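Here is the structure we will look at.
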Amino acid sequence: MRNDLAELTSLNRDYVNSVQHSDVKHFDEILAKDFYCSNPDKSLVDRAGFLKQTAVPVTIKNLEAHDVKIRLMGDVAIIHAATRYTMPDGTPGAGRYTDVWARQNGRWLAVLAHVSR
């Protein structure tokens with residue numbers, strides 16, 4: 001369990017970093033084939049849609065996660081976290097997300113993301 005928590009902590013940090021830097025290549029490696037994301041605008045996108053929207057550079061800066069809670073339930077993990085970032089006009093922004101990860105063929109892959117602001 002300790003190794004899983006360390007790996008999921010690292011994956012979560014990399015996921016947030018990939019959002020900040022529009023790292024489609026990294027997301028292509030860590031998203032399950034059946035991945036879905038609920039966006040803040042209430043749209044639901046599949047893996048292809050998520051990769052497409054991720055390719056567009058974000059306008060926020062200094063994105064970071066805090067208050068991270070990782071719940072491990074066998075081959076499924078749920079990560080809850082809050083975010084802070086800087087808006088393009090310099091004002092602070094904040095949000096929350098929940099990601100679900102599943103161990104598939106010995107690897108942790110993201111299967112679901114839910115983002116709110």
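Before moving on, here are some points about what is shown:
- If you run the Gaussian network model on the chain, springs between alpha carbon atoms under 10 Å, then out of Asn39, Asn12, Asn105 the most flexible one is Asn105.
- Rounded FRET efficiency, nearest 0.05, which uses the C-beta distance separating Val76 from Gln20 and R0 of 22 Å: 0.25
- Apportionment of accessible area to carbon and sulfur, the chain, percent (1.4 Å): 54 percent
- Positive contributions from Lys and Arg (+1) and negative ones from Asp and Glu (-1), summed over other residues with Cβ under 9 Å from the Cβ of Asp34, come out at +1.
- Gyration tensor (Cα) of the chain, equivalent ellipsoid semi-axes in angstrom: 23, 17, 12
- With all pairs of different C-alpha atoms in the average, the Kirkwood value for the hydrodynamic radius of segment 48-88 is 12.6 Å.
- Restricting the calculation to Cα atoms, segment 47-115 shows an Rg/Rh of 1.04 when the hydrodynamic-style radius is the Kirkwood one.
- Mean ellipticity per residue at 222 nm, deg cm²/dmol - from DSSP H runs of n ≥ 4 across the chain, formula -39500 (n - 2.57): -9000 deg cm²/dmol
- At a probe radius of 1.4 angstrom, the accessible area of the chain per residue rounds to 60 square angstrom.
- With K and R counted +1 and D and E -1, the other residues having a Cβ less than 14 Å from that of His66 yield a net charge of +2.
The values are calculated or read from the model by the stated rules, or taken from the named source; none is laboratory data. In this text, all values refer to a predicted model and were calculated from it rather than measured experimentally. Every residue, glycine among them, receives a Cβ derived from its backbone with ideal geometry; neighbour counts consider all protein chains shown. For accessibility, only protein heavy atoms count, side chains too; no ligands or nucleic acids. Shrake-Rupley method; radii C 1.70, N 1.55, O 1.52, S 1.80 Å.
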